[in-house]
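First comes the structure, then the notes that go with it.
The values are calculated or read from the model by the stated rules, or taken from the named source; none is laboratory data. Values in this document were obtained by computation on a predicted structure and should not be read as measured data. Cβ atoms come from the backbone with ideal geometry, glycine included; neighbour counts cover every protein chain shown. With ligands, DNA and RNA removed, areas are computed over all heavy atoms of the protein, side chains included. Shrake-Rupley method; radii C 1.70, N 1.55, O 1.52, S 1.80 Å.
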Amino acid sequence: MSRPRRILIVEDNRAIARDLELRLARLGYAIAGATAYAEDAIELAAGADLVLMDIRLAGEMDGIAAAAQIRARHAMPVVFLTAFADDATLRAAEITEPFGYVIKPAEDRELRVVIEMALYKDAAERERRRLAHQVRRAEQLDAIGLIAGGIAHDFNNVLTAILSNSRALADELGGHPRVAAITMAAERAARLTRQLLAFGHDDPEQPVALDLAAHVDRTLAILAPVLGDGLTIERAIAPDLRAVLARSAELEQLVMNLVLNARDAMPGGGTIAIAARDEGDDVVLTVRDTGHGMDAATRAHIFEPFFTTKPVGTGLGLATVSAVVERSGGRIDVTSALGAGTTFTIWLPATAAIPVEAAPPADEAIQLAGTLVVVEDDAQVRAVIREILEQAGLRVIEATDGLDALRVCRAHPGEIDLVLSDLVMPRLGGADLARSLAADAPTTKVVYMSGYPGRSPAARDAGPILHKPFTPGELLAWVRDALESRAA
Ligand SMILES: Nc1ncnc2c1ncn2[C@@H]1O[C@H](COP(=O)(O)OP(=O)(O)OP(=O)(O)O)[C@@H](O)[C@H]1O
Ligand SMILES: [Mg+2]
C-alpha cells in the first residue's frame, strides 16, 4: 500500500481549519501542517503532496499570490478553498493554474474527489514533464550524432594521416617518446570519434571474430590516464580464450563503460578485477569492483537510458552496454549490494574463427606481391597508403577519384590485381567505379575503405569495408586478405 498523501492546510479561520484537519484525517490523508499565513505556507509546502489554500487570507499576501509562489517554488498542486465562487475571484485564481476548487462548506465526498483529481493531475503532469525531458535529451543526442557524422569523414582522414605518419616516424626514430605521445593522442582522438559516432548511428556492420583480451588491454591503456592512482587493476584473462563475435568499436565501448563505472564507484580507491574465460558456447567477461555497490532499487533501473545517480552522468553508459550485448546475441547480469562492491557478468557468443586483429601481427613485416590502384581523394591519406603498400612490396598506382581510376586502369598495360577505393568521392563513387570496371577487367577486384561509420546506401552490396582511421597493420592485413580471396 502506498503511504498516505500529505496535505497542507492554509486557512485563517481556525474553526474551519480544525474541521478540515479532522475530516482529512478521517478520509485517510496525513496532515503536513496547518497555518493561517501565506508566508508560512510557502515554506511548509516543501513537505506536502498537496496544498489546500483559502483563496482569501487575512494577511499581507492573499491565497492566490501564495499559490503562485508555491507553484513556482515547489511545483506543488494547489486546491483553492473558497466561499465565493464568483467569476472575478475564479478568474483571478486562474493565473496560478489551480488544480481544483472546493466550495466551502464541502461534503467529505466532494473534498475527497477534488483532492484525488488534483493528485492525479499532478502525477500526470510530472510524468509528462519527465517524458518531455527525455525526448529533449534524445533529440540532443540525435543532433550530436548528425553533426559528428558530418565531420567524421574529413576528421578520420586527418587522423589516418597523423597516425600513419607518427607510426612511421616511430619506426624510423626507434621509438621516440614524443612520437609515442603523438600516436597515443591521435589514437585517443580516433576512439573518441568512434564513440561519439556509435551514438547517432545504427551501425549495420556485421559482427566479426574479435580478440577480447586485446580489446580489454587496449581499453585499459586508453583509460590509464583517467583511472587515478588509488586503483588496482587485476587482469585474469584465460590465455587461450576463444574469439567473440562482436563489433570492435562496440566491444571497446562496453569495456570502457564498465571500467569507468567501477572507477566512479570507488572514489577512495579500490580494485577493478577484469576476468574472462570460456564457458560453454560463450566467452564470459566479468568486471568486478570493490566500490560502494547499489541497493536493489537502484539496481532495478541501471540499464534504462538516462538513469543516473551521478551529478554529471548521462545515464547512457549501461544502456549502451546492454544494447551492445543484445546486438551481439549475448546476455548480461549484475550482482551488487550496498557497500559490498559490484560484479557485472557478460556472456558473449564465442566463435571458432580466428580473430581479425590476430591476423595482422602489426609490427611484423607483411610482404605481398601485386599491382594495386589506390583511389582516394585526400592527397595526404593517399600518400600514406602508398608508402605502406610499397614497403610491403606492392606496386601502387594512385588515382584521385573514380573517373581518374577508370582512366588509370584502362591506360595500364599489365594486369591490375586490386583496386582499393574510397567509397564516397566527388566525381565517380566507389560502387559506380566497380560497376564500370567489372565490364573492362573482370579479374580486377575492388575493395572499399570509408571514413563514414556504418554503411552508406552506396555500400549496400560492397562487402566488408575498411574503416578509417586504420593502422598500417590493418591496411596490410586487409589488402592481403583481398588478394588471397581473389586468388581463391
Ligand atoms: N560499478 C558500479 N557500482 C555502483 N553503481 C553503479 C556501477 N555501475 C553503474 N552503477 C549505477 O548505475 C547508474 C547508471 O550507470 P550508467 O553507466 O548507465 O550511467 P552513469 O555512469 O550514471 O553516467 P555516465 O555513464 O554517462 O557517466 C549509475 O549512475 C550508478 O548509480
Ligand atoms: Mg557510466
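Laid out as a table, the results:
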| item | result |
| --- | --- |
| Counted charge near PHE344, where neighbours are those whose Cβ lies closer than 14 Å (Asp, Glu -1; Lys, Arg +1) | +1 |
| 12 Å beta-carbon shell around ALA236, net charge (K/R +1, D/E -1) | +2 |
| Most to least packed among 420-431, 301-312 [average Cβ atoms within 10 Å] | 420-431, 301-312 |
| Ordering of 245-257, 377-389 by burial proxy (mean other Cβ atoms within 10 Å per residue, highest first) | 245-257, 377-389 |
| Rounded accessible area per residue of the chain, 1.4 Å, Å² | 50 |
| Extension gain, GLU484 back to ALA439 (0.36 nm per residue minus Cα-Cα distance, nm) | 14.0 nm |
| Theoretical FRET efficiency, 1/(1+(r/R0)^6), r = Cβ-Cβ of ALA224 and ALA15, R0 51 Å, to 0.05 | 0.10 |
| Rg/Rh for the chain, where both radii come from Cα atoms and Rh is the Kirkwood radius | 1.18 |
| ILE103-ALA352 FRET efficiency (beta carbon distance; Förster radius 56 Å; 0.05 resolution) | 0.10 |
| Computed [θ] at 222 nm, deg cm²/dmol, the chain (DSSP H ≥ 4; -39,500 (n - 2.57); rounded to nearest 500) | -15500 deg cm²/dmol |
| Cut-off 15 Å between beta-carbons: net charge of the residues surrounding HIS301, Lys and Arg +1, Asp and Glu -1 | +1 |
| C-alpha center-to-center spacing [the stretch 31-49, the stretch 61-113] in angstrom | 14 |
| Distant-in-sequence amide H partners of VAL283 (H built 1.01 Å from N, under 5 Å) | LEU348, ALA350 |
| Principal-axis tilt of helix 430-440 within the chain, Cα atoms, nearest 10 degrees | 30 |
| Packing-based order for 394-405, 45-56, 264-275, using average beta carbon neighbours within 10 Å, highest first | 45-56, 394-405, 264-275 |
| Label point distance in nm, ASP281-ARG128, each placed 7 Å from Cα along Cα→Cβ | 4.8 |
